[in-house]
1. Among the residues of region 194-212, is there at least one that is open to solvent by 70 Å² or more (accessible area, probe 1.4 Å) and part of a strand (DSSP E or B)?
2. Counting only residues that are in contact with a Gly (Cβ under 9 Å, 6 or more places away or on another chain) and free of Cβ contacts under 8 Å to residues at least 60 places away in the same chain, how many does region 199-219 have?
3. Given (1) open to solvent by less than 60 Å² (accessible area, probe 1.4 Å); (2) in a loop (DSSP other than H, G, I, E, B); (3) within 24 Å of Asp128 (Cα to Cα); (4) not β-branched (Val, Ile, Thr), identify the lone condition not met by Ala26.
4. Any idea which of (1) open to solvent by 10 Å² or more (accessible area, probe 1.4 Å); (2) closer than 12 Å to Val105 by Cβ is the one Ile170 doesn't satisfy?
5. Would you check if there is a residue in region 177-188 being open to solvent by 20 Å² or more (accessible area, probe 1.4 Å), more than 21 Å from Arg65 (Cα to Cα) and at pLDDT 95 or above?
6. If a residue must be closer than 19 Å to Lys94 by Cβ and in contact with a Pro (Cβ under 6 Å, 6 or more places away or on another chain), how many such residues does region 26-43 contain?
7. Please find, among Ala63, Ala70, the residue that is out of contact with any strand residue (DSSP E or B) (no Cβ under 7 Å at 6 or more places or on another chain) and not basic (Lys, Arg).
8. Taking region 29-39 only, how many residues are open to solvent by less than 60 Å² (accessible area, probe 1.4 Å) and either out of contact with any Asp or Glu (no Cβ under 6 Å at 6 or more places or on another chain) or of a type in the set (Ser, Thr, Tyr) (or both)?
Amino acid sequence: MTEPYPNGSGAEIADLGFARLDLQRAARTGDPEVVFGRGKTPAQVVAALHTLHEAHPDGAVLATRLDGDAAALVRAELPDADVDEVARTAVLGKPRAPRGRVAVVGAGTADMPVVRECVTTVRVFGSDPDTILDVGVAGLHRLLAQRDRIDEADAIVAVAGMEAALPSVIGGLTGAPLIAVPTSVGYGWHLDGLTAWLATLNSCAPGVLTVNVDNGFGAGVAAARIARRAR
């Protein structure tokens, strides 16, 4: 089991006025609080990320769903942060030594923002992500060529839009813990990912668990926690 982050400040709450940051979450769960960027101003994102890093200086802290202005201000004010504009994430601090491995499998290039959000989350939450891209079932041979690599992982995240068949296919090829992430990618009336979500929720392959639409973060947290306890 990965050790919890130390809390350098010893405080329970950091009251920033616009947010009350939970500084003891790492002690309870092994992982610090994460900054959800949507709905926050760029300055609020920077302040929250900086405060969490000060409280947990020996590990990495994460901000997700950053818009362009927030990403730009993080780069300017926190130059040590690793900002990924495709994933819409920022990481401040060095991630802990990884335990276990998570295969993050993406159906298509259009799913890349969700895949990258998941990969970043897995790394920050203490496991080693193995990214496998563009292996959707429209070209099934591409997926089968990666079968052994996927099966060797301690946990799998399958990211897919359209009809989201990929998680079901992988579920029939491996017995590793499998988390499906339906995405809001598709032609026509795909209902902003509802079609994909219902497909993964009703998978005929046993053992397929599903998170909400486009929730690469939630899948990454769960997969990393599974993988880091597996070894």
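The values are calculated or read from the model by the stated rules, or taken from the named source; none is laboratory data. Values in this document were obtained by computation on a predicted structure and should not be read as measured data. We place every Cβ from the backbone using ideal geometry, glycine too, and count neighbours over all the protein chains shown. Surface accessibility is based on the protein's heavy atoms, side chains included, excluding ligands, DNA and RNA. Shrake-Rupley method; radii C 1.70, N 1.55, O 1.52, S 1.80 Å.
1. Among the residues of region 194-212, at least one is open to solvent by 70 Å² or more (accessible area, probe 1.4 Å) and part of a strand (DSSP E or B), which makes the answer yes.
2. Narrowing region 199-219 to residues in contact with a Gly (Cβ under 9 Å, 6 or more places away or on another chain): 203-208, 211-214.
Cutting the leftovers down to free of Cβ contacts under 8 Å to residues at least 60 places away in the same chain gives us 203-208, 211-213.
Total satisfying the criteria: 9.
3. (2)
4. It is condition (1) that Ile170 fails.
5. Yes, region 177-188 has at least one match.
6. Step one: list which residues in region 26-43 are closer than 19 Å to Lys94 by Cβ, which gives 26, 30-35.
Within this subset, residues satisfying the condition of being in contact with a Pro (Cβ under 6 Å, 6 or more places away or on another chain) are 26, 30.
The number of residues fulfilling the criteria is 2.
7. Details: Ala63 fails: out of contact with any strand residue (DSSP E or B) (no Cβ under 7 Å at 6 or more places or on another chain).
The match here is Ala70.
8. Of the residues in region 29-39, the ones open to solvent by less than 60 Å² (accessible area, probe 1.4 Å) are 29-35, 37.
Now restrict to residues that are either out of contact with any Asp or Glu (no Cβ under 6 Å at 6 or more places or on another chain) or of a type in the set (Ser, Thr, Tyr) (or both): 29-32, 34-35, 37.
Total satisfying the criteria: 7.
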